[in-house]
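A short worksheet on the structure shown next.
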Amino acid sequence: MTLGSIRHHIRIRRPAATVWELAGDPTRLHEWFPGIASCRVDRTIRTIILDSGLPMPEEILVKDDVQRRFQYKITAGVFTYHRGMIDVIDLGDATSLVVYSTDCDPRAMALTIGGATAGALDELARQMESTDSEEAH
């Protein structure tokens, strides 16, 4: 099996701990990921509800608050294999690098998910950095 693989990253002008509070909370994905209306978590199962109303079940694999890593797999039938990972990396200057990676089969789904994750990172940065400018006023 050859997987589709895609990775996007963005530098955010906020400390990693602050970014992780939002990006690392599995119950808050809908707050910064466009196209997701809501989500709920029951132990290791997160169910996201798309704006279309379609539920998309996921299994939470890793939530590491020390490394600031969140890893999950979509368990919906459209995927033979899926693994997504979000890393929030402290750059040491009150900024963060957020990396969102996806590996999946069918391979073509990586392009679809990749476009969505790029938009999500942009929204995450917009929210985090607008909070910064609001605090300055």
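The values are calculated or read from the model by the stated rules, or taken from the named source; none is laboratory data. It should be emphasised that the depicted structure is a prediction, and the values quoted were computed from it without experimental measurement. Note that each Cβ is placed from the backbone with ideal geometry, even for glycine, and that neighbours are counted across all protein chains shown. Areas reflect the complete protein model, heavy atoms only, side chains present, ligands, DNA and RNA absent. Shrake-Rupley method; radii C 1.70, N 1.55, O 1.52, S 1.80 Å.
Of all residues in the stretch 29-51 being touching a strand residue (DSSP E or B) at 6+ places or on another chain (Cβ under 8 Å) and part of a helix (DSSP H, G or I), which is surrounded by the most Cβ atoms within 10 Å (Cβ to Cβ)?
So the residue we want is Leu29.
Select from the stretch 52-82 the residues that are over 20 Å from Leu22 (Cβ atoms), assigned to a loop (DSSP other than H, G, I, E, B) and without any contact (Cβ under 8 Å) to a residue 60 or more places away in the chain and list them in ascending order.
Ser52, Gly53, Leu54, Thr75, Ala76, Gly77, Val78, Phe79
Restricting the stretch 83-112 to residues that are of a type in the set (Asp, Glu) and assigned to a strand (DSSP E or B), which is most open to solvent (accessible area, probe 1.4 Å)? Before the answer, list the steps.
Keep residues of the stretch 83-112 that are of a type in the set (Asp, Glu), which gives 87, 90, 93, 103, 105.
Retained after the next criterion (residues that are assigned to a strand (DSSP E or B)): 87, 90, 103, 105.
Details: Asp87: 19, Asp90: 88, Asp103: 53, Asp105: 34 Å².
Restricting to residues being of a type in the set (Asp, Glu) and assigned to a strand (DSSP E or B), the top hit is Asp90.
Name the residue, out of Ile6, Ile60, that is under 24 Å from Tyr81 (Cβ atoms) and surrounded by fewer than 17 Cβ atoms within 10 Å (Cβ to Cβ).
Just a single option satisfies the conditions, and that option is Ile60.
Quick one: count up the residues across the stretch 50-83 that are under 25 Å from Ser96 (Cβ atoms) and of a type in the set (Ser, Thr, Tyr).
Residues that pass the stated criteria total 1.
Answer with yes or no whether Thr18 is without any contact (Cβ under 8 Å) to a residue 24 or more places away in the chain and closer than 25 Å to Ile89 by Cα.
So Thr18 does not fit the description; no.
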